[in-house]
Amino acid sequence: MTMLRVAEHAERSDTGRQRRANEDAVLARSPLFAVADGMGGAQAGEVAARIAVETLEQGLPPGSTSAEQRLGQLVREANARIHQLSLSDDARAGMGTTLTALHVGADDVTLVHVGDSRCYRLRDGALERLTSDHSLVEELVRQGRLSPQEAEDHPQRSIITRALGPELDVEPDGQTLRGRAGDLYVLCSDGLTSMIGDPKLAEILTSAPSLRDATVQLVDAANAAGGRDNISVVLLRLEEVESPAADGADGVTIVGAPAVRPQEPAPDVPVERRAPTRAPADAPGKRRRRWRPGLGSALI
């Protein structure tokens with residue numbers, strides 16, 4: 001019998017040309033990969049993204065439920081930690097983050113997603129987007145009120161409708177996909193996809209001599225197009241190998257850069273329910289976030 005594993009991966013995170021700090025966080029610890037795009041003033045977004053990544057680093061909790069359910073459990077735990085810290089620390093009030101996470105199992109690939117960071121799959125030369133943005137313009141496109149082309153330049157394209165942290169509860173989108181040898185998965189923040197379109201993404205993925213080169217070319221292309229936001233991308237390619245006699249799902253061979261993460265650990269946050277507080281005004285020049293009930297989170 002054969003099983004899936006990660007043959008190689010590469011990852012890159014860049015501040016971009018117009019941001020003062022990088023509030024993205026990337027996890028690349030096979031078999032679990034993730035991109036988080038933080039939001040909030042005074043570096044609170046960086047903290048939120050870091051909490052999301054460090055929560056996922058625990059790995060899937062044991063249990064008889066599916067990998068999708070257990071990965072969703074981790075996402076909800078991250079949401080609770082971020083939400084609690086935002087209530088207990090005025091400097092971090094209202095912080096939040098997107099999160100797109102992927103787990104490679106023996107037969108399947110599990111994907112869980114909140115916000116507008118994306119996951120793509122390149123299979124047999126064809127690029128397919130696997131996630132739908134939790135954003136206002138994406139909802140308008142689904143309703144037929146905007147075309148995809150109109151959405152690209154819409155003045156409200158930065159408003160997201162779901163994120164980790166702003167509310168006590170969050171419902172991630174999840175899916176389980178059958179994996180194949182040679183599949184290439186892409187996790188990325190909107191700092192990449194808001195700067196380059198899917199055709200350019202596919203062109204770089206299919207022409208770059210290595211995954212590491214592809215990450216460099218993707219970030220360079222986003223910066224050349226304006227680099228308006230932080231840019232993060234994770235690439236991983238699958239292979240099939242003979243199943244070991246013992247469980248060795250985590251003992252994989254990895255080629256690529258180490259995980260891109262801030263050096264300081266996230267605060268240790270006890271999770272409890274408290275009444276929300278009002279967020280303070282954000283510092284000039286930082287990414288600002290406004291959470292409007294029934295609409296979502298505006299990133300400006």
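The values are calculated or read from the model by the stated rules, or taken from the named source; none is laboratory data. Not measured: the values here are computed from a predicted model. Neighbour counts are summed over all protein chains in view; Cβ atoms, including those assigned to glycine, are modelled from backbone coordinates with ideal geometry.
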So which residues in the stretch 159-181 are in contact (Cβ under 8 Å) with a residue 60 or more places away in the chain, under 19 Å from Thr98 (Cβ atoms) and out of contact with any Leu (no Cβ under 9 Å at 6 or more places or on another chain)? Arg162, Pro166, Glu167, Leu168, Asp169
If you go through the stretch 240-248 one residue at a time, do you hit one that is modelled with pLDDT under 85, within 22 Å of Asp37 (Cα to Cα) and exposed (fewer than 13 other Cβ atoms within 10 Å of the Cβ)? no
Does Ile196 fit the bill of being assigned to a loop (DSSP other than H, G, I, E, B), at pLDDT 95 or above and farther than 30 Å from Ser66 by Cα? yes
Is there any pair with a first residue in the stretch 223-243 that is in contact (Cβ under 8 Å) with a residue 12 or more places away in the chain and of a type in the set (Lys, Arg) and a second that is crowded, with 18+ Cβ neighbours inside 10 Å and assigned to a strand (DSSP E or B) whose Cβ atoms are under 6 Å apart and which are 6 or more apart or on different chains, and what are they? Arg237/Ala7; Arg237/Glu8; Arg237/Leu184
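Among the candidates Arg278, Arg228, which residue alone is in a loop (DSSP other than H, G, I, E, B), modelled with pLDDT of 80 or more, surrounded by fewer than 18 Cβ atoms within 10 Å (Cβ to Cβ) and basic (Lys, Arg)?
Working: Arg278 fails: modelled with pLDDT of 80 or more.
Residue meeting the stated conditions: Arg228.
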Hits in the stretch 172-187 - residues which are in a strand (DSSP E or B) and not hydrophobic (A, V, I, L, M, F, W, C): Asp173, Gly174, Gln175, Thr176, Arg178, Tyr185
Grab the strands (runs of 3 or more DSSP E) fully contained in the stretch 1-70, keeping just those with 1 or more residues being under 20 Å from Arg81 (Cα atoms). 24-29, 32-39
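Filtering the stretch 120-158 down to residues that are closer than 22 Å to Glu171 by Cβ and in contact (Cβ under 8 Å) with a residue 60 or more places away in the chain, which residue is surrounded by the fewest Cβ atoms within 10 Å (Cβ to Cβ)? Break it down stepwise before answering.
From the stretch 120-158, those closer than 22 Å to Glu171 by Cβ are 129-143, 158; that's our starting set.
Those still in the list that are in contact (Cβ under 8 Å) with a residue 60 or more places away in the chain too: 129, 134-136, 158.
Details: Arg129: 14, His134: 23, Ser135: 24, Leu136: 21, Ser158: 21.
Once the filter is applied, the top-ranked residue is Arg129.
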